[in-house]
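Data block below; observations after.
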Amino acid sequence: MNGSHTERTIDAICRMESAKLIAGLIRMVRDVGLAEDLVQDALVIALERWPESGIPENPGAWLMTTAKRRAIDNIRRTKLRDQKYVEIAHSMDLFTEEDIDQVLDGEIGDDLLRLIFMTCHPVLSQDARVALTLRLLCGLTTDEIARSFLVAESTIAQRIVRAKKTLKTEKVPFEMPDGEELKDRLSTVLEVIYLMFNEGYSATSGNQWIRPLLCQEALRLGRILAEITPLESEVHGLVALMEIQSSRLKTRVDSKGEPVLLMDQNRAQWDQLLIRRGLAALDRSRKLGRPLGPYSLQAAISACHAQAPTAVETDWPRIAALYEALSRVAPSPIVELNRAVAISMAFGPSFGLQIIDNLNAEPSLKDYHLLPSVRGDLLVKLGRYAEARTEFERAASMTRNERERALLLNRAADCMSRTSDKYF
């Protein structure tokens, strides 16, 4: 295995394992920033050793063991009280070679949910909670998080630094809250799990269009949360949304890893078990008798797609109505963009284009690649290929995902060929 390939593999492993590693280390050191630094130290050691020794059979276990040893060294250097050192030294027994798989897949799985609730503590602002959790659980860079929030990268960096310091200063406990305290943090926790799933469903950057493991982890956490809070309708709504969306994962890319758009996917390959689970979760949300919230409404939209035997049989007027309801419950430029797509499918591209053109003046969308991408798609349907080509090229210049960029450039090239055909 050559050096560059090994480095890419190590980077991929770290992305997959970092959240579990950080969660496990926080249990030891009780410091988010220190836990993150210890994981980075272990990664540096891996980059030094693995190209020569080869990647271990269980790389996650190797990284955890290495990081924990660094934690012990850190405790020795900083001369923490003897009792703490003894406790942590004894806890090393949990991470022997025999038990490491069980720990990584079991107890630390619960630690991930504890980590979310810890970083969603009310001592932090709403924006800081979400930014920090995305950094720790999804391994996103500050740039990627900034693009998700549609704000400056420097703003996100400052939020994360301040959030880590606050958690340390306030000595926020690494535990699951209960009662009213749990309810107070629930909306932020749901937002984080939702954004975590979205990053897996459509990766912000990199060479892969989707990150299925991230989707699976978000869905697993959502299911656990639904067991803990059975009377919270929006928890069931979010689980329903993730179940139904997950049913399409295998069809979102072709055999070469290239993106496949929703209308072109083979619906016979959608996972029917996940769809049934999603519809059941949506039904549980509805039976609680409360007005549908943002996640339940989005789940209802996904259900419309899941229940349509073919793309042409999709109930677009109902989807447009659901987006109208969503825009009232949780108004945002991105919801409005999705509503424009639904309206264009239900009533014609010219109606959707009117909404899109109004969004062009929205400051938060000026660097959002899906705005010109959607506009290009509507222009194609209207036969305005030269304009569509410009929009697809603009969208391609904005996206950070290589697969998506290739798709957009291919669509631009197709528009160019159609424009040329007019002159022959």
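Some values worked out for this structure:
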| item | result |
| --- | --- |
| Where labels lie 7 Å past Cα in the beta-carbon direction, separation of Leu273 and Val44 in nm | 4.4 |
| Karplus-derived 3J(HN,Hα), 6.51/-1.76/1.60, for each residue of segment 387-402, Hz, glycine and proline x | 5, 5, 4, 4, 5, 5, 5, 5, 4, 4, 6, 8, 5, 9, 9, 5 |
| Candidates Leu378, Leu182, Leu134, ranked by Gaussian network fluctuation over the chain, Cα under 10 Å, top entry | Leu182 |
| Alpha carbon centroid spacing (whole Å) that separates segment 337-366 from segment 236-252 | 25 |
| Exceeding the 22 Å Cα-Cα cut-off - candidates Lys20/Lys164; Lys250/Lys381; Lys250/Lys366; Lys20/Lys183 | Lys250/Lys381; Lys250/Lys366; Lys20/Lys183 |
| Extent along principal axes [Cα atoms of segment 279-335; Å; largest to smallest] | 30, 30, 14 |
| Modelled FRET efficiency - R0 60 Å, Val312 with Glu181, Cβ distances, 0.05 increments | 0.75 |
| Directionally averaged shadow of the chain, computed from the convex hull of its alpha-carbon atoms, nm² | 23.2 |
| Karplus-derived HN-Hα couplings along segment 244-257 (A = 6.51, B = -1.76, C = 1.60, θ = phi - 60°), whole Hz, x at Gly and Pro | 5, 4, 5, 4, 9, 3, 5, 9, 7, 9, 8, 5, 9, x |
| Sparsely packed trypsin sites (Lys or Arg not before Pro) within segment 108-161, loop by DSSP, other Cβ within 10 Å at most 16 | none |
| Nonlocal amide H pairs with Val253, under 5 Å, H built at 1.01 Å | Val260 |
| Order of Leu359, Leu407, Leu21 - criterion: other Cβ atoms within 10 Å of each residue's Cβ, fewest first | Leu359, Leu407, Leu21 |
| Under 14 Å from the Cα of Lys68 - aspartates and glutamates, other chains or at least 8 residues apart | Asp31, Glu36, Asp37, Asp41, Glu87, Asp93, Glu97 |
| Label-to-label distance, nm, for residues given as Ala325 and Ile72 (7 Å Cα→Cβ offset) | 5.7 |
| Packing-based exposure ordering (other Cβ within 10 Å, fewest first) of Val380, Val235 | Val380, Val235 |
| Karplus-derived HN-Hα couplings along segment 166-178 (A = 6.51, B = -1.76, C = 1.60, θ = phi - 60°), whole Hz, x at Gly and Pro | 5, 4, 5, 4, 7, 6, 5, x, 8, 7, 7, x, 9 |
| For segment 317-333 versus segment 1-67, the gap between their alpha-carbon centres in whole angstrom | 42 |
| Base-10 log of normalised Debye intensity for segment 1-61 (one unit scatterer per alpha-carbon) at q = 0.12, 0.22 Å⁻¹ | -0.29, -0.85 |
| Choice from Gln158, Gln216, Gln265 with maximal GNM fluctuation in the chain (Cα, 10 Å cutoff) | Gln158 |
| Sorted by Cβ neighbour density within 10 Å, fewest at the top, the residues Ser205, Ser233, Ser397 | Ser397, Ser205, Ser233 |
| Between 0 and 90°, nearest 10: helix 272-287 axis offset from the chain longest Cα axis | 90 |
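Coordinate-derived values only; no laboratory data. Worth saying up front: this structure is predicted, and the values here are computed from it rather than measured. Every residue, glycine as well, gets a Cβ built from its backbone with ideal geometry; the counts of neighbours run over all protein chains shown.
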